[in-house]
């Protein structure tokens, strides 16, 4: 169903230098969305399509989509709880060796790598609050994560190495 | 995302298909509510689910907890490899049992 005015602008830029500095041709997906749940669903679909175009292994595609769900969902739910209108920017770069996601926003500063609660589900008890599981999954699926507060907002870098079938 | 329900004896079976993103997780909560309210034994077949994130996992978790509170039990079966990995990382394989096949899941609920 078309959502006029909400579709994120999609840009494929194959001329960019490789983000992971491995000297291979890279492809990059750049998207910017408002802090709206519908826009997140569209963004996840764009990431899925991009990963399939790049023929990424299933685990890498899953990790990229899940990272976008968890991080952006948290930004929408908690990072804008003061009613602000935020912009969320994704840059996803892939090449032969790995993928790199950079998520930037102008939401309330929050370092999920340091301050997200530990997920209760891991302990087998009844969860009393929802937080923590998403960022825990992201960290588990990614090989590298780094956060910095930037321009009054947030910048999160995530990297995952690729194990291609034929390498 | 779609859910097809069926039953085998006193066991309700919910076969989910599609991708469980945050939007689908809201639908999942609504769709599971009557099953959790009426059934004691619920088998969730995830054979046709290629993606689930924490929003969807939480709905399954809460459904399982609600069933357990009423003396019931929820099990999941037929997980695709990537979904299975997420379940393992999330710790779902500890409090809620997962099975490779629906037959094994049904047998466990009957036992």
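Bear in mind these aren't lab numbers, they're just calculated from the coordinates by the rules spelled out. If you're wondering where the values come from, they're calculated on a predicted model, not measured in any experiment. Backbone-built Cβ (ideal geometry, glycine too); neighbour counts: all protein chains shown.
Some notes on this structure:
- Efficiency of FRET between residue A:87 and residue A:140 - r from beta-carbon atoms, R0 30 angstrom, step 0.05: 0.60
- Note on residue A:163 and residue A:151: their simple-model spin labels are 3.8 nm apart, each label 7 Å out from Cα toward Cβ.
- Shielding score for B:46-58, defined as the mean number of other chain Cβ atoms within 10 Å: 5
- Here r is the Cβ-Cβ distance between residue A:113 and residue B:4 and R0 is 35 Å; the resulting FRET efficiency, rounded to 0.05, is 0.30.
- Inter-part distance, the stretch A:42-70 to the stretch B:66-86, computed on C-alpha centroids, equals 24 Å.
- 20 Å tail of the calculated P(r), the stretch B:46-111, as % of Cα pairs: 23 percent
- Shown for A:147, A:78: other C-beta atoms within 10 Å of each C-beta, ranked fewest to most, produce the order A:78, A:147.
- Taking a ≥ b ≥ c as the square roots of the eigenvalues of the Cα gyration tensor, an a/c ratio below 1.5 marks chain B as rounded.
- Take each residue in A:51-63, count the other chain C-beta atoms within 10 Å of its C-beta, and the mean is 2.
- Shielding by partners for peptide B:15-25, expressed as the average number of C-beta atoms from other protein chains within 10 Å of each residue's C-beta, is 3.
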